[in-house]
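Each remark here refers to the structure printed beneath this line.
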Amino acid sequence: MSSDVTRLSQWMDHHRTRMELGPLSILIRKLLSHSPLSTADQQAIAALPHKVRRLQPGESILREGDQAEICPVLLSGFAYRQKVASDGGRQIVALKLPGDALDLQSLYLHKADHDIRMLTNVEMALLPLAAIEQLTIARPAVARAILIDILVEASIGREWLLNIGRRNALARLAHLLCELHDRVSDIASETSEYFEIPLTQEQLADLLGLTPVHINRMVRQLEKMGAIGRPSRSLTILNLSELAKISNFSSAYLHRNNLSGV
């Protein structure tokens, strides 16, 4: 009986996402998608000192070689992590969404090995790394949630390597759209299959290692299949199951609701 009460208490704490926790509530919802956090843990995260900053597309918050002192958390908008070759060519290696902490690795690695730039207009909270470190020392559940978040990001990176290296262009695009839907659904107050992707075809080309012309052909093909729509410059998912079928999508690598064994 007591174990049932304990599980119920953990479940209630995990799903207590409607409480008023200020700007960092979106980060808390993200962490809750894969890790249990008590009400006290959530309140401690919400109380972290932070400043809110707005950036425009193309602006940088971190450059390779920097020694970071803050960890940005996306409150709205999209950002990306990139690596730049010696000849100036770039490769986008991660896409960051609202709720994502952009540089938790600097808690443990003291020099950045990548750039972080804004893909859209962005609002972010800037958290001192020292404050996060102190919180992880005081609250083991928060430390575990942060570690899992870093590991999930690495898992997504492995899937991106597979996506770009082994899937054809149509499946590559369909897979990315499925991933974005699932990742946003983890922190959204409401979920729907009809989901708008605020990315242009040029941005999608950079993300997927394709030319804009090739992306345009794939977009038109998915549109003819009724899987997506183009009401404006962005894309709207109309048939998520069709996209999943095209790309053989499985969300296992996202490790959502990773609450067992704790």
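The values are calculated or read from the model by the stated rules, or taken from the named source; none is laboratory data. Quantities reported herein were computed from a predicted structural model and do not represent experimental measurements. Using ideal geometry, Cβ is built from the backbone for each residue, glycine included, and neighbour counts are taken over all protein chains shown.
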Region 25-73: number of residues that are buried (at least 22 other Cβ atoms within 10 Å of the Cβ) and touching a His at 6+ places or on another chain (Cβ under 7 Å): 1
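So is Leu119 in contact with a strand residue (DSSP E or B) (Cβ under 9 Å, 6 or more places away or on another chain) and at pLDDT 95 or above or not? Break it down into steps so the answer makes sense when it comes.
Working: in contact with a strand residue (DSSP E or B) (Cβ under 9 Å, 6 or more places away or on another chain): yes; at pLDDT 95 or above: no.
It is false that Leu119 is in contact with a strand residue (DSSP E or B) (Cβ under 9 Å, 6 or more places away or on another chain) and at pLDDT 95 or above.
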Hey, can you tell me all the residues within region 149-166 that are under 15 Å from Leu207 (Cα atoms), touching a residue at least 24 places away in the same chain (Cβ under 8 Å) and aliphatic (A, V, I, L, M)? Ile156, Ile164
Inspect all residues belonging to region 139-154 and state whether any of them is surrounded by 15 or more Cβ atoms within 10 Å (Cβ to Cβ), more than 19 Å from the chain's Cα centre (by Cα) and more than 30 Å from Pro231 (Cβ to Cβ). yes
Would you be able to say whether some residue in region 207-217 is polar (S, T, N, Q) and either at pLDDT 85 or above or touching a strand residue (DSSP E or B) at 6+ places or on another chain (Cβ under 6 Å) (or both)? yes
